[in-house]
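**Student:** Below is one structure. I have some questions about it.
Nothing in this text is a laboratory measurement; each read-out follows from the coordinates by a stated rule. Nothing here was measured: the structure is a model prediction, and the numbers come from that model. Neighbour counts are summed over all protein chains in view; Cβ atoms, including those assigned to glycine, are modelled from backbone coordinates with ideal geometry.
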Amino acid sequence: MFLNTAQTVDSSNTNVVEQATQQLSVWQKYWQSVDWDRVFSIVIQKGLTIIAVLVLFFLIRKVGNFLINQSFERQKKKMADNATRIETLHALAANIFSYTLLFFFLYSILDTLGIPVGSLLAGAGIAGIAIGLGAQGFTNDIITGFFIIMEQQIDVGDYIRLVDRQIEGTVTSVGIRMLQMKSTDGTVHFVPNRNITTISNLSRAHMQVKVDVRIQPDEGYDQISQLIAEANQKLAEQFKAEIFDGPDLFGMVDLGNGNYAIRTIMYVTNGKQYKLQEEFLTAYVKTLHEQGFTIPNNPILTGK
């Protein structure tokens with residue numbers, strides 16, 4: 001019994017050794033069948049080609065960025081008033097150049113490695129259609145932003161009103177995808193360009209200012225008008241750098257419900273309208289109080 005068991009173990013060990021020997025022999029034959037001289041030659045050739053491609057695209061990138069920077073620097077000197085717009089276009093051109101260069105670089109590397117680029121592009125085209133359908137909003141943002149910048153509809157620092165969004169404020173950033181603006185109360189709005197349909201730019205011309213001071217006409221309209229006219233003359237001299245036209249005494253206006261006011265109209269430098277409106281109204285109220293005239297404070301009721 002012991003002899004039979006020993007013979008079985010020896011037979012199993014012999015089979016394992018034979019299988020291992022056969023596998024080793026197969027790997028030896030495969031190793032010997034490989035033309036290692038050709039493999040090393042291909043690796044060296046591909047490696048040198050990739051290095052050459054890297055150097056070439058590095059030089060193209062340096063030269064391209066240099067030419068783009070020099071071109072926009074010259075434009076900045078010629079168009080100093082539109083420095084913000086030139087800077088935005090500069091960033092846009094640099095990004096387009098970088099992405100285009102990256103595409104051709106990857107194409108060259110894959111082609112050098114023998115990867116079927118045509119099949120990949122066909123697959124990428126199908127995937128691109130699917131992605132494009134889901135990214136229509138993003139595409140609309142870019143296209144709309146491009147035309148906003150090119151047509152100089154708004155610039156950083158402009159005070160604008162987005163009619164459809166019912167918001168207004170000072171533009172803090174004009175991007176290719178999004179507009180940033182800050183309201184007078186400090187609120188910062190981030191508006192995707194695709195949501196911008198109607199822009200009212202309040203910073204491209206002198207602004208009209210209306211200053212109304214409420215009065216009691218029966219206290220002497222002529223005397224009150226004379227005091228307002230004298231105050232206008234003093235303030236016009238004080239703020240002559242900001243006032244483009246006026247101030248002109250328009251006369252008495254009916255505010256409704258038995259309320260009347262004397263109105264002054266002027267045109268001022270954009271951005272100064274709120275300051276001057278406050279200065280003129282303060283001067284009117286102070287002058288009328290000093291001369292003993294009444295400034296009505298009853299509420300103005302509006303119809304329902």
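**Student:** Label points 7 Å out from Cα along the Cβ direction at residue 255 and residue 138: separation in nm?
**Tutor:** For residue 255 paired with residue 138, the spin-label model returns 5.4 nm.
**Student:** Then there is this: Could you work out the relative contact order of segment 224-304? I mean the mean sequence separation of Cα pairs under 8 Å and 6+ apart, divided by the number of residues, in percent.
**Tutor:** The value is 29 percent.
**Student:** How high is the FRET efficiency from residue 152 to residue 63, r the C-beta distance, R0 22 Å, rounded to 0.05?
**Tutor:** 0.15
**Student:** So if I average 1/r over every pair of distinct C-alpha atoms in segment 234-278 and take the inverse, what Kirkwood radius in Å does that give?
**Tutor:** Taking every pair of different Cα atoms in segment 234-278, averaging 1/r and inverting gives 11.6 Å.
**Student:** Okay, next question. For residue 255, what is the net charge nearby, where nearby means another residue's Cβ is under 9 Å from its Cβ and Lys, Arg count +1, Asp, Glu -1?
**Tutor:** Result for the neighbourhood of residue 255: -1.
**Student:** Also, quick follow-up: Label segment 151-304 by shape, choosing from rounded, prolate and oblate, from the square roots a ≥ b ≥ c of the eigenvalues of the Cα gyration tensor; if a/c is under 1.5 it is rounded, and otherwise prolate applies when a/b is larger than b/c, oblate when it is not.
**Tutor:** Prolate is the answer for segment 151-304, as a/c is 1.5 or above and a/b outweighs b/c.
**Student:** Given 76/275; 234/275; 78/240, which pairs have Cα atoms separated by over 28 Å?
**Tutor:** Where the Cα-Cα span goes over 28 Å, the pairs concerned are 76/275; 78/240.
**Student:** Right, another one. Rounded if a/c is under 1.5, else prolate if a/b beats b/c, else oblate: with a ≥ b ≥ c from the C-alpha gyration tensor eigenvalues square-rooted, which is segment 194-255?
**Tutor:** The shape class here is oblate.
**Student:** Give me the net charge of residue 183's neighbourhood, meaning all other residues with Cβ under 11 Å from the Cβ of residue 183; Lys, Arg count +1, Asp, Glu -1.
**Tutor:** Combined, the nearby Lys, Arg, Asp and Glu give 0.
**Student:** Additional query: Quick check: pseudo-label points 7 Å beyond the Cα along Cα→Cβ at residue 161 and residue 208, how many nm apart are they?
**Tutor:** It works out to 1.2 nm between the two label points.
**Student:** Expected output is a single nm value to one decimal: the length gained when fully extending between residue 93 and residue 236, i.e. 0.36 nm times separation in residues minus the C-alpha distance. What is it?
**Tutor:** So the extension gain works out to 46.8 nm.
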